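I have placed the structure first, in the form of structure tokens, so that the comments after it can refer back to it.
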Amino acid sequence: MNEFELIKTVTHGAPAQKDGLVRGVGDDCAVISGNETKDFLITTDALFEDVHFKREWISPRTLGRKALSVNISDIAAMGGKPLFYLVTIGIPKAFPLKEVEEIFEGMANSAFVHRTALIGGDTCSSANGLLISITVIGDIDRGKSIYRSGAKIGDSVYVTGILGHAALGLACLEKGIRSLEVREFIRKHDDPTPRVAIGQWLMSSTCVSSMIDISDGLVSDLNHIAEASNVEIKIFANQIPKVEEFAKAANRCNKDALTLALTGGEDYELAFTVSSYKKDLFEKMMKVVAPTFGHAVTKIGEVTAGNGVKIIDMHGANMHLTKGGYEHKF
Ligand SMILES: [Mg+2]
């Protein structure tokens, strides 16, 4: 049973209707109606030692910052603004108090950057490793949340930033490679930047029909949009943003750069679709505002009739995922 089948199984039978609930299980955040002008967004995410991180790979401060940042990323994926956070921490026996303080300092650091306030939580002892569970509450203009389910045939698909760097960073950590040339990839893995500013801009642009943050990998996350919107998404492999240094470093780690970009997780970039009739307007606006965001925004594909995600090579042929990565099929 995979994670998504498990979610379906365990949520089946639970009450899922309630006055004030705008959107429940199944998107980056739940949406609850607030007042005449705002809706609230709620999301939660946990990091478990030896599942999501190894203590010898990441400092307590960076771990704390990451734990909050990845939650804020889900608020960004709806187009919203983070407001408050709650933290539950499970602390193993003999865990240094100083490191607990550093974890919270790291969270506070991300909280200052994103103007988010700590409002509660719980601390307990843990029999097996450190665990950090965070809930973030945000808000958004009423009725303006961008869901996974809004993509339409003819829409264009875009991503922010560069993909695959965090996955290469993780591969380097796993292989014990710490050289200067890979340090930036490890940093991308350890210390992601949630795309809050552009998420809010995309919401206010009114051009975006669906959005998700890339936590599991581009193909996997776009599959959620394809499924929720009942469409097919075509990605053009040669339009995936590339950085030469990245391809070289990936080669040295015996990894294929394109496969990392398509399947690597934890980039926390945003993937979104732009309505076909607003594409020209969007491209014009993007030219003006893009430099202010400090990261790329790249068109990588289109929404078509069908289901799932297809990767198209430069000759127009489907590429298929094999054990070794994406391959052309002749
Ligand atoms: Mg998400």
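Miscellaneous remarks
Results for (1) buried (at least 19 other Cβ atoms within 10 Å of the Cβ); (2) in contact (Cβ under 8 Å) with a residue 40 or more places away in the chain; (3) at positive phi, shown as yes or no for each residue.
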{"residue": "Leu258", "(1), (2), (3)": "yes, yes, no"}
{"residue": "Ala261", "(1), (2), (3)": "yes, yes, no"}
{"residue": "Ala271", "(1), (2), (3)": "yes, yes, no"}
{"residue": "Val274", "(1), (2), (3)": "yes, yes, no"}
{"residue": "Lys278", "(1), (2), (3)": "no, yes, no"}
{"residue": "Met285", "(1), (2), (3)": "no, yes, no"}
{"residue": "Val289", "(1), (2), (3)": "no, yes, no"}
{"residue": "Gly294", "(1), (2), (3)": "no, no, yes"}
{"residue": "Thr298", "(1), (2), (3)": "no, yes, no"}
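Each row is one residue, and each column tells you yes or no for (1) over 30 Å from Ala271 (Cβ atoms); (2) within 16 Å of the ligand (Cβ to nearest atom); (3) among the small types (Gly, Ala, Ser).
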residue	(1), (2), (3)
Ala46	no, yes, yes
Ser69	no, yes, yes
Ala77	no, yes, yes
Pro82	no, yes, no
Leu86	no, no, no
Ala94	yes, no, yes
Val113	no, no, no
Thr123	yes, no, no
Ile132	no, no, no
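- Looking at Ile177, Ile198, just one residue is within 20 Å of Gly301 (Cα to Cα) and either at pLDDT 95 or above or of a type in the set (Val, Ile, Thr) (or both), and that residue is Ile198.
- Residue in region 180-201 that is within 24 Å of Phe293 (Cα to Cα), more than 16 Å from the ligand (Cβ to nearest atom) and not in a helix (DSSP H, G or I) present: yes
- Test for Asp74: is it in contact with a Cys (Cβ under 9 Å, 6 or more places away or on another chain), touching a residue at least 12 places away in the same chain (Cβ under 8 Å), assigned by TED's automatic domain parsing to the domain that holds Cys124 and charged (D, E, K, R): yes
- Residues located in region 144-183, provided they are within 19 Å of the chain's Cα centre (by Cα), within 15 Å of Val243 (Cβ to Cβ) and crowded, with 20+ Cβ neighbours inside 10 Å: Val159, Thr160, Gly161, Leu163, Gly164, His165, Ala166, Ala167, Leu168, Gly169
- Qualifying helices (runs of 4 or more DSSP H) (wholly inside region 222-330; at least 3 residues being of a type in the set (Val, Ile, Thr) and closer than 27 Å to Leu170 by Cα): none
- Condition check for Ser229: within 16 Å of the ligand (Cβ to nearest atom), at pLDDT below 95 and surrounded by fewer than 24 Cβ atoms within 10 Å (Cβ to Cβ): no
- Subset of region 90-142 that is of a type in the set (Phe, Trp, Tyr) and in a helix (DSSP H, G or I) - its residue that is surrounded by the most Cβ atoms within 10 Å (Cβ to Cβ): Phe104
Residue-wise test of (1) closer than 28 Å to Val113 by Cα; (2) out of contact with any Leu (no Cβ under 8 Å at 6 or more places or on another chain); (3) among the charged types (D, E, K, R).
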residue: Glu3; (1), (2), (3): no, yes, yes
residue: Lys8; (1), (2), (3): no, yes, yes
residue: His12; (1), (2), (3): no, yes, no
residue: Asn35; (1), (2), (3): yes, yes, no
residue: Leu41; (1), (2), (3): yes, yes, no
residue: Glu49; (1), (2), (3): yes, no, yes
residue: Trp57; (1), (2), (3): yes, no, no
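- Single unsatisfied condition, Ser210 versus (1) assigned to a helix (DSSP H, G or I); (2) buried (at least 23 other Cβ atoms within 10 Å of the Cβ); (3) within 16 Å of the ligand (Cβ to nearest atom): (1)
- Counted residues, region 22-50 - those being assigned to a strand (DSSP E or B) and of a type in the set (Asp, Glu): 3
- Among residues of region 68-89, those that are surrounded by fewer than 24 Cβ atoms within 10 Å (Cβ to Cβ) and not hydroxyl-bearing (Ser, Thr, Tyr), counted: 7
- A Cβ distance below 6 Å, combined with a sequence gap of six or more or placement on separate chains, defines the contacts here; from region 235-253, residues that are among the polar types (S, T, N, Q) reach residues that are not in a helix (DSSP H, G or I) in the pairs Asn238/Met314; Gln239/Ile300.
- Scanning region 147-192 for residues that are without any contact (Cβ under 8 Å) to a residue 24 or more places away in the chain and among the acidic types (Asp, Glu) yields Glu174, Glu184.
- All conditions but one from (1) within 16 Å of the ligand (Cβ to nearest atom); (2) more than 21 Å from Asp122 (Cα to Cα); (3) at pLDDT below 95 apply to His52; the one that does not is (2).
- Region 1-44: number of residues that are of a type in the set (D, E, K, R) and either within 16 Å of the ligand (Cβ to nearest atom) or modelled with pLDDT of 95 or more (or both): 6
The values are calculated or read from the model by the stated rules, or taken from the named source; none is laboratory data. Computed from a prediction, not measured in an experiment: that's the story for all the values here. Cβ: placed from backbone, ideal geometry, glycine included. Neighbour counts: every protein chain shown.
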